[in-house]
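The values are calculated or read from the model by the stated rules, or taken from the named source; none is laboratory data. What you see is a predicted model; the values in this text were computed from it and never measured. We place every Cβ from the backbone using ideal geometry, glycine too, and count neighbours over all the protein chains shown. Areas reflect the complete protein model, heavy atoms only, side chains present, ligands, DNA and RNA absent. Shrake-Rupley method; radii C 1.70, N 1.55, O 1.52, S 1.80 Å.
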Amino acid sequence: GAIVGLILFLFFTLGGDQSAQTTQTQAAALSSAAPSSSLNPTMSPSYSPTSTMDVQRKALIDFYNLANGPAWIENNGWSNSADYADDSSVCNWYGVSCDYNNNHVTDLSLPANNITGDLAEIMGAIMRIESIQEVDLDSNDIQGNLT
């Protein structure tokens, strides 16, 4: 509950900012990655994010699914965006704030929103968003430890 929210707030607030150069370099590496091939292809297609916005969207959707998103008190934008390839901006989703100069997610604020789930899994999804600076999940039912 409140302790987890405070720890998450301090973790992201004191964790330091990511440099723009690092983010740009990593985004360039993602966008220039060659397609992979497999000796054992599957019948179902997989989704491979190709842009920073795609990576952010996939991480947020994974967070939504891990944190019982359909049961949230407020989930405007989230519930309509279960498709990883949806082209709507995550910056319009409830509780998501972005740097509108480059559409990078900077803050996630969902206190007292009936979020449930395992802390390590939830944080694993959120930490894939390299530009995130602050997360407020205070007063939710998130259980577990960061290991």
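Take the residues of region 105-137 that are open to solvent by 20 Å² or more (accessible area, probe 1.4 Å) and aliphatic (A, V, I, L, M): which is nearest to Thr52 (Cα to Cα)? Checking each candidate, the answer is Met127. If you take the residues of region 76-112 that are modelled with pLDDT of 90 or more and among the acidic types (Asp, Glu), which of them is nearest to Asp141 (Cα to Cα)? The residue in question is Asp107. Taking the criterion of being buried (at least 16 other Cβ atoms within 10 Å of the Cβ) and not in a loop (DSSP other than H, G, I, E, B), the residues of region 89-104 that qualify are Val90, Cys91, Val96, Cys98, His104.
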